[in-house]
């Protein structure tokens, strides 16, 4: 499986990319350098000088231009070489690097990797992460040594939560609940509602701190190729959402290579909720760290190591009812990859 190039990917948290400072990324096996101009405009360029192929990220930003550390060639925001300090200063036509459309949206810097004009209508939407949303947001990121589709299957099949994250994020009392799959074009949403289950530790801290059973919901949305939003919460058995606690989990998966993925994640609590005391906030942060770093990451890395370069369907996977959403997602990605490849090769 290759990549979908004509699509938006999260390159970095917006606050990570600063004026006159360069950040380097690998996205769809392309080396990218990110920076901002003095006015705050975000720029994304191919991270390779066309002269001797030195990474531009080893250089510096001068007057909103990237200067190669090797021979002092300077490139503007469009990727054009605009200064050659040698000889007559002549600039050959080949002295240019690729530039990529980028935009700040929902506290993330998004990059369009394809050759087609950037389609801003396809930008993923996480309005709760906007600075003026009123939501309280905690952000993080990590790199997983796994393909982004493998990670996406983990997000869409939350039946693993009562086992891998038992007690922290879910309960085995909810086993047997069949997820409900909704489709809207290529977008998917899979909903789970579990009644009268043992309260997971994370929600006991957020809710009543009394250990009593709760009803829990987990509704996960997927927008291709790598944007996921979960609406998750609890309330007392039989009561309404308004009397419980909940938050959004925002997840973006950006393929670095076929076997590594940069994973941006955030938790966004709605306005009006009570402030957490420092001890509770610290315990929740440790639960999140444990779930991501100690539980999900080793499993996903191990899956990818076991799969290696094998073709998924050729491995003859056993499929169950809980796989409806992951398989629909994988089939959709395969189709979108094929369509994208055909467009880029000029077939259609």
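Residue-wise test of (1) free of Cβ contacts under 8 Å to residues at least 60 places away in the same chain; (2) in contact with a strand residue (DSSP E or B) (Cβ under 8 Å, 6 or more places away or on another chain); (3) assigned by TED's automatic domain parsing to the domain that holds residue 17.
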{"position": "52", "(1), (2), (3)": "yes, no, yes"}
{"position": "73", "(1), (2), (3)": "yes, yes, yes"}
{"position": "79", "(1), (2), (3)": "yes, yes, yes"}
{"position": "93", "(1), (2), (3)": "yes, no, yes"}
{"position": "135", "(1), (2), (3)": "no, yes, no"}
Practice prompt. Identify all residues within the stretch 242-271 that are more than 25 Å from residue 31 (Cα to Cα), surrounded by fewer than 17 Cβ atoms within 10 Å (Cβ to Cβ) and touching a residue at least 60 places away in the same chain (Cβ under 8 Å); write none if there are none.
Written response: 270, 271
Worksheet entry | The one condition in (1) crowded, with 21+ Cβ neighbours inside 10 Å; (2) more than 29 Å from residue 279 (Cα to Cα); (3) in contact with a strand residue (DSSP E or B) (Cβ under 7 Å, 6 or more places away or on another chain) that residue 177 fails to fulfil | (1)
Discussion item. Can you tell me which residue is farthest from the chain's Cα centre (by Cα) among those in the stretch 144-170 that are modelled with pLDDT of 95 or more and under 22 Å from residue 285 (Cβ atoms)?
Written reply: 154
Worksheet item: If we scan the stretch 45-61, do we find a residue that is in a strand (DSSP E or B) and under 26 Å from the mean Cα position of the chain (by Cα)?
Response: yes
Worksheet entry | Within the stretch 310-342, tally of residues that are touching a residue at least 12 places away in the same chain (Cβ under 8 Å), in a helix (DSSP H, G or I) and under 25 Å from the mean Cα position of the chain (by Cα) | 15
Worksheet item: Does residue 49 meet the test of being at pLDDT 95 or above, touching a helix residue (DSSP H, G or I) at 6+ places or on another chain (Cβ under 8 Å) and surrounded by fewer than 17 Cβ atoms within 10 Å (Cβ to Cβ)?
Response: no
Worksheet item: For residue 24, are the conditions met, namely being under 19 Å from the mean Cα position of the chain (by Cα) and free of Cβ contacts under 8 Å to residues at least 40 places away in the same chain?
Response: yes
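The values are calculated or read from the model by the stated rules, or taken from the named source; none is laboratory data. Source: prediction; values computed, not measured. Cβ coordinates were reconstructed from backbone atoms using ideal geometry, including for glycine residues, and neighbour counts include every protein chain displayed.
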